[in-house]
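Only one structure is covered here, and it is reproduced in the block below.
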Amino acid sequence: MISAMLGMAMVARGGVDFDWTLTCERTDFRATGRYAEALRFCEQLGLQDNVSVFPIGKSPEGREMVVVVVSTDSDVLNFENRKKPLLFVNNGIHSGEIDGKDATLVLARRLVNPDGAPEEANWSGLLDKASFAFIPVLSVDGHERFSRFNRVNQNGPEEMGWRATSENLNLNRDFAKIDGLEMRNLLEFVNDIEPDFYIDNHVTDGGDWQYVVQWDVPRYPTMAKATVDVSQKFVDEVMPKLTKSGFENAPYFGGFDDRNPGRGITLGFYGPRYSTGYWAMRNRPSMLVETHVLKPYKERYDATLELNRLTLEWVGANASLLRVRNQYGDVEGMAMDEGEDVVLTARNSGKTKPYVFKGLKFDPYKSDVSGAEIPRWTREKVNHETVIRDEFEAGVSAKAPAGWFVPSYLRSVVDRLQVHGVQMIPVRDEAVGTTVRWTVQKFDGVSLGTSTFEGRTMPRFKVIDVERDIVVPAGFVVPVNQRLVRLAAQLLEPTSGDSFAAWGFLNAYLESKEYAEAYAMEPIAQEMLKDPATKAAFEEALKDVSFAGSPGARLNWFYERSPWFDQRYLIHPIYRLTGTEMARLIP
Ligand SMILES: [Zn+2]
């Protein structure tokens, strides 16, 4: 797929009199350019040595999407053979938060220093040790829903894009489920090349403190140990440099109570629906960058540019370590065995460490409108001696099966597993149609709620193990001993927060499709009551007054225990396999 794309690299156009400055630079950072400006800029970059521009597909409204690769490594797109590590930067996933678009376009310009570009720092030396790729804007339709009224909290640029796509999806909830076309285009391209480090550039709301930028670099017990180690090294080495460059920064936290500074700050866990949580499940270090919404656009842009540059520099300086750690992460996946614990979610451990919080003087005022206090901060710096909770412990875990069985008829599941690049082995023809007795998972205590999220109804449930006879349909085995086992487990184990089951892909299996009339069930119930054990159990159930008062529930009690009842009702249709079961299915 990649070699075909290389052939499609954008054709040169014009180039002589191109104005290499951006709208943000020409307006002293009052404004940012439209998407057409970013596309033209990328096309011109594509005319330079060491730059390739790849069309990756169209947005729902038909806009061209591109990835720019800046590299002196001819094998940059081949993750197993590349000679220099590749940093990939995603911008404009929330396209009102657009600092990263302008920052990475300028970063690329400084890497290639084209004729006619403004006098500025020459960063081409960074390409000696690392390669750089970026998508200027992911949510391109959202970017072109351009207005001064899009981000009421944000301090510039004057006009900007909108948070959601034309399909009204938030793409930073879409990594695991891939509902957005933009997400599909991104993952189909990027998963093939598997970069060594990822950045996702954003702008965050919330209170005003000294921090111009916050960052999240996942280090969870859900991840490969090698990925956690290398991520920690990155944080320890790069963040002090960012501070030294003049950008106050902090880990990304949920909030800070200016009225009770002693409460400190707490970091959250982000699963694979989010950018960084997703790359974490691919055994790659990653960083969420969140500049602060109340800081001026120029200051946010500067902080984004510096943090992206420092990351590229670190990636190059740590090329061999990064390569080895990423390989270890992959090998840890391939070495996964049946029965091992797979951690699916993490939670903050609550352990505190001393932390100096760099705030601004809190100066709220009384509102005539709401009657409450309205937060406000002066420019006076106030440092609080407080605590940070930045450690995580395992939440939900599962014992690894030898593999998962995914029937072909779950087409939207199979399709997404393919886009993620999860290894799937087709079941042997001879095994299809045979009857097997498997332990399967049954949904229990299901509640569907009354609202949708990202257009989906997300059920809540527990699962219990039950045995069932299964007639093996055509399908695939997803073995656990593969590079992407953590991602596969997130998607296929129903109790992870971002599984296909959790996102409502399997809601039809929560529905009962057959029922019994009272006239049919009454004689069957009479017959069943002749069994003393059944009779005793029924009498026990009758102690529940509401049950006893419901003729339908009483007859249904027998229906559910009779052979007439649907054996597939509430069964999770993706099956966990033992090694013996798996060996019967695949060559
Ligand atoms: Zn955002």
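A few remarks follow.
- The residues listed here are Ala130, Ala103; of these, the one that is closer than 14 Å to Thr304 by Cβ and among the hydrophobic types (A, V, I, L, M, F, W, C) is Ala103.
- Only one entry in Leu555, Leu542, Leu570, Leu529 is under 30 Å from Trp404 (Cβ atoms), among the hydrophobic types (A, V, I, L, M, F, W, C) and outside the structural domain of Met458 (by TED's automatic domain parsing), namely Leu570.
- Filter result for Asn185 (within 16 Å of the ligand (Cβ to nearest atom) and among the polar types (S, T, N, Q)): no
- Scanning segment 316-334 for any residue that is under 20 Å from the mean Cα position of the chain (by Cα) and among the charged types (D, E, K, R) turns up at least one such residue.
- Taking the listed residues Gly33, Gly96, the one that is more than 16 Å from the ligand (Cβ to nearest atom), closer than 21 Å to Asn201 by Cα and small (Gly, Ala, Ser) is Gly33, with no other qualifying.
- So Arg411, is it out of contact with any Leu (no Cβ under 8 Å at 6 or more places or on another chain) and surrounded by fewer than 17 Cβ atoms within 10 Å (Cβ to Cβ): yes
- Inter-residue pairs, beta-carbon under 6 Å, first in contact (Cβ under 8 Å) with a residue 60 or more places away in the chain and in segment 300-313, second of a type in the set (Asp, Glu), 6+ apart: Arg300/Asp99; Tyr301/Asp99; Tyr301/Asp102; Thr304/Asp99
- Selection of segment 521-547 for residues being surrounded by fewer than 10 Cβ atoms within 10 Å (Cβ to Cβ) and closer than 12 Å to Ser562 by Cβ yields only Pro523.
- Residue within segment 112-124 that is crowded, with 22+ Cβ neighbours inside 10 Å and either within 16 Å of the ligand (Cβ to nearest atom) or in the same structural domain as Pro85 (by TED's automatic domain parsing) (or both) present: no
- Among the residues making up segment 40-62, those that are over 14 Å from Ala108 (Cα atoms) and touching a helix residue (DSSP H, G or I) at 6+ places or on another chain (Cβ under 7 Å) are Phe54, Ile56, Gly57, Ser59, Pro60, Glu61.
- Selection within segment 19-48 - out of contact with any Pro (no Cβ under 9 Å at 6 or more places or on another chain), over 16 Å from His143 (Cβ atoms) and of a type in the set (D, E, K, R): Asp19, Arg26, Asp28, Glu43
- When the residues of segment 303-345 are filtered to those that are closer than 21 Å to Gly125 by Cβ and out of contact with any helix residue (DSSP H, G or I) (no Cβ under 8 Å at 6 or more places or on another chain), the one that is farthest from the ligand (Cβ to nearest atom) is Ser320.
- Restricted to segment 317-330, and to residues there that are farther than 7 Å from Pro85 by Cβ and not hydrophobic (A, V, I, L, M, F, W, C), the residue that is surrounded by the fewest Cβ atoms within 10 Å (Cβ to Cβ) is Ser320.
- Set Tyr365, Tyr274: member being of a type in the set (Phe, Trp, Tyr) and surrounded by fewer than 20 Cβ atoms within 10 Å (Cβ to Cβ): Tyr365
- Which numbered condition Arg151 fails, given (1) more than 18 Å from Ala38 (Cβ to Cβ); (2) buried (at least 19 other Cβ atoms within 10 Å of the Cβ); (3) away from the ligand (no atom under 16 Å from the Cβ): (3)
- Residue match in segment 121-137 (condition: within 30 Å of Ala502 (Cα to Cα) and among the acidic types (Asp, Glu)): no
- Residue in segment 83-93 that is more than 16 Å from the ligand (Cβ to nearest atom), without any contact (Cβ under 8 Å) to a residue 60 or more places away in the chain and of a type in the set (Lys, Arg) present: yes
- Sole residue being assigned to a helix (DSSP H, G or I) and either closer than 30 Å to Ala394 by Cβ or hydrophobic (A, V, I, L, M, F, W, C) (or both), chosen from Ala501, Ala516, Ala583: Ala583
- Test: Arg379 is farther than 30 Å from Leu111 by Cα, touching a Phe, Trp or Tyr at 6+ places or on another chain (Cβ under 7 Å) and not polar (S, T, N, Q): no
- Failed criterion for Ala164 (all others in (1) among the aliphatic types (A, V, I, L, M); (2) within 13 Å of the ligand (Cβ to nearest atom); (3) not in a loop (DSSP other than H, G, I, E, B) hold): (3)
- When segment 522-549 is filtered for residues that are farther than 27 Å from Val463 by Cα and either part of a loop (DSSP other than H, G, I, E, B) or in contact (Cβ under 8 Å) with a residue 40 or more places away in the chain (or both), the ones remaining, listed by number, are Ile524, Leu529, Lys530, Asp531, Gly549.
- Of the strands (runs of 3 or more DSSP E) lying entirely inside segment 201-302, those containing at least 1 residues that are away from the ligand (no atom under 16 Å from the Cβ) span 249-251.
- Hey, Ser131 crowded, with 20+ Cβ neighbours inside 10 Å, among the polar types (S, T, N, Q), away from the ligand (no atom under 13 Å from the Cβ) and within 20 Å of Thr104 (Cα to Cα) or not: yes
The values are calculated or read from the model by the stated rules, or taken from the named source; none is laboratory data. Just so it is clear, the model here is predicted, and its values are computed rather than measured. Please note: Cβ atoms are built from the backbone with ideal geometry, for glycine as well, and neighbour counts cover all protein chains shown.
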